[in-house]
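Asker: Okay, here's the structure, questions in a sec.
The values are calculated or read from the model by the stated rules, or taken from the named source; none is laboratory data. The shown structure was predicted, so the numbers you read here are calculated from the model rather than taken from an experiment. Methodologically, a virtual Cβ is constructed for each residue, glycine included, from the backbone with ideal geometry; neighbour enumeration extends over all protein chains shown.
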Amino acid sequence: MGEKQAAGKNPGRKQSDDPGAIGRRVQHLRTEQGLTQRQLAEPSYTPAYISTLEAGRVRPSEAAVRHLAERLGVTYEELATGRPAHLATGLRLRLVEAQRTLATGAAEDAAEEYTGLLGEAGRLGLDPERASALLGLGQCALETGDLPAARRHFEAAEKALADAPLPQRAPAVRGRAVAHLLAGELRYACYLLESAIDELNHSGLQDPGALLLLYTAAIAPYMDMGAHARAAQAGELALALAPRVSDPELVAGLHRGVARTLIAAGRIAEADASLAKAAEIYQQLQIRTEMAHCHWMRGYVRAQDGDLNGAESELRAARDMLASKRAALYTAQVEVELADVLRRQGREQDAEELLERLIGELHPDRGSVHAAGAHRLLGLICEEKGALETAEEHYVNALALLERAGAAGDLADICRLLGDLLRRTGRTEAALDAYRTGLGHRATPGSTTLGPAPVRPQQPLSHGTPT
């Protein structure tokens, strides 16, 4: 899931801006209840003001609408827009139900609910609820792996909230960035997140929850691009914000993101503890996809620590949870990690069979980094079997995918593997070219693709550990 649904501008403002419409509603409700203009106006307004308002010759202030709504026994929203308040309330409750379906069930089922709610919100002119439905549809599309659809839904949510403050648009920005990240467009994912962070910090709208969401989301593309220092800085700033954030799902996402920087720094025990905190929160919230991601990362931690049996257990748990939710793209990505563990256990045939199937499911526009990972592992298996020509093909395919994505750290590794293979087969000049390419990416990871780091918040943040 990853974030709360956003809220935006009052959807009825366009109607409330029409003084004639409000005046007619006021007159209808007043006469229906047998009130005189004086009885409705006092003590805050005059009968002449009510007469002018009912005639549509004055635009009422928000305070005036609230006063009149209270005297007439209706809600502010109903008087301002002409829609009964229970319609919006009922729609919001059903959006929460759709969010729960997405958390615990299949994305396709949740998408069906969100689609119906989107149409209803559109007919009623409820922009915030329409944006929430679009965000939900975007999350569903991420889970099913339909990344173009995910981008369209998140872009539409941003458009629906165009007049809302940036903190309310942050979930849609984050969603777009994740969609581009999963498609292997790391630079653009970073650009979206950094631009929003800078805008928040420069504008003074330093909403802790929005900043935490964006800083946490930036960790993954930074890590994939090899910008480990920048990822660690994003994690540090997010940790400083955490004590000011009450949403447990945001805090759990922070723990999961920070764990990745800890793994890269070799702080395995701390990473495992951070993942345990995240998993505990997700378990309480019953968010199965995020629970699966915690198992996935703990499997990676176990593998890094040499506990291959433990890694296999965690990765299979993640794979089964994601498969039960029909989250096809995430399932395929976990299986790449599982194949690596199987290969390291000496089960090359099982790993190869799994990877050959995955190659057909992962492609440049749908998981570039993991598709490259699958080609890398197949190259290693082929090289161990002596099938050097096939191994080279896989390494070259991996290199092309990683260059497209800009994944600097992985690029350096694949260049080393390809260079070693070329050297072994007597192609020294080609090997040197591969090594030089790898060294270029390793020497300045991320510096050729990322601009200046996002600005820090204008006010100093007190550091602390979230509870």
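Asker: Is it true that some residue in the range 179-187 is more than 14 Å from the chain's Cα centre (by Cα), over 21 Å from ALA242 (Cα atoms), modelled with pLDDT of 95 or more and not charged (D, E, K, R)?
Answerer: The answer is no, given that none of the residues of the range 179-187 is more than 14 Å from the chain's Cα centre (by Cα), over 21 Å from ALA242 (Cα atoms), modelled with pLDDT of 95 or more and not charged (D, E, K, R).
Asker: Here is a further query. For the range 401-418, name all the residues that are of a type in the set (Lys, Arg) and within 14 Å of GLY440 (Cα to Cα).
Answerer: ARG416
Asker: Is one or more of the residues making up the range 163-175 more than 17 Å from LEU213 (Cα to Cα) and out of contact with any strand residue (DSSP E or B) (no Cβ under 6 Å at 6 or more places or on another chain)?
Answerer: Among the residues of the range 163-175, at least one is more than 17 Å from LEU213 (Cα to Cα) and out of contact with any strand residue (DSSP E or B) (no Cβ under 6 Å at 6 or more places or on another chain), which makes the answer yes.
Asker: Given the condition within 22 Å of the chain's Cα centre (by Cα), buried (at least 23 other Cβ atoms within 10 Å of the Cβ), within 27 Å of LEU147 (Cβ to Cβ) and not small (Gly, Ala, Ser), answer yes or no: does some residue in the range 348-355 qualify?
Answerer: No; the residues of the range 348-355 include none that is within 22 Å of the chain's Cα centre (by Cα), buried (at least 23 other Cβ atoms within 10 Å of the Cβ), within 27 Å of LEU147 (Cβ to Cβ) and not small (Gly, Ala, Ser).
Asker: Give, as residue ranges, the helices (runs of 4 or more DSSP H) completely inside the range 293-401 that count at least 2 residues that are β-branched (Val, Ile, Thr).
Answerer: The helices (runs of 4 or more DSSP H) meeting that bar are 328-344, 368-385.
Asker: For the list (1) in a helix (DSSP H, G or I); (2) touching a residue at least 60 places away in the same chain (Cβ under 8 Å); (3) crowded, with 24+ Cβ neighbours inside 10 Å, I need the number of the one condition that THR216 fails.
Answerer: Unmet condition: (2).
Asker: Working only within the range 285-307, note down all residues that are without any contact (Cβ under 8 Å) to a residue 40 or more places away in the chain and either buried (at least 21 other Cβ atoms within 10 Å of the Cβ) or in contact with a Lys or Arg (Cβ under 6 Å, 6 or more places away or on another chain) (or both).
Answerer: Of everything in the range 285-307, those that are without any contact (Cβ under 8 Å) to a residue 40 or more places away in the chain and either buried (at least 21 other Cβ atoms within 10 Å of the Cβ) or in contact with a Lys or Arg (Cβ under 6 Å, 6 or more places away or on another chain) (or both) turn out to be MET291, HIS293, CYS294, HIS295, ARG298, TYR300, ARG302.
Conditions tested, residue by residue: (1) hydroxyl-bearing (Ser, Thr, Tyr); (2) at pLDDT 90 or above; (3) within 17 Å of ALA229 (Cβ to Cβ).
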{"position": "LEU411", "(1), (2), (3)": "no, no, no"}
{"position": "ILE414", "(1), (2), (3)": "no, yes, no"}
{"position": "LEU421", "(1), (2), (3)": "no, yes, no"}
{"position": "THR428", "(1), (2), (3)": "yes, yes, no"}
{"position": "LEU439", "(1), (2), (3)": "no, no, no"}
{"position": "THR444", "(1), (2), (3)": "yes, no, yes"}
{"position": "LEU450", "(1), (2), (3)": "no, no, yes"}
{"position": "ARG456", "(1), (2), (3)": "no, no, yes"}
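Asker: Moving on. Need the failing condition index for LEU87 against (1) at pLDDT 90 or above; (2) under 33 Å from the mean Cα position of the chain (by Cα), just the number.
Answerer: Failed condition: (1).
Asker: Out of curiosity, is ALA252 within 23 Å of HIS375 (Cα to Cα), in contact (Cβ under 8 Å) with a residue 12 or more places away in the chain and part of a helix (DSSP H, G or I)?
Answerer: It is false that ALA252 is within 23 Å of HIS375 (Cα to Cα), in contact (Cβ under 8 Å) with a residue 12 or more places away in the chain and part of a helix (DSSP H, G or I).
Asker: Within the range 111-212, which helices (runs of 4 or more DSSP H) (wholly inside it) include 3 or more residues that are at negative phi and free of Cβ contacts under 8 Å to residues at least 40 places away in the same chain?
Answerer: Per the criteria, 127-144, 147-160, 186-203.
Asker: Please identify the pairs in which a residue from the range 30-48 that is under 18 Å from SER61 (Cα atoms) and without any contact (Cβ under 8 Å) to a residue 12 or more places away in the chain has its Cβ atom under 7 Å from the Cβ atom of a residue that is assigned to a helix (DSSP H, G or I) and of a type in the set (Val, Ile, Thr), counting only partners at least 6 apart or on another chain.
Answerer: Partner pairs satisfying both residue conditions: ALA41/ILE50.
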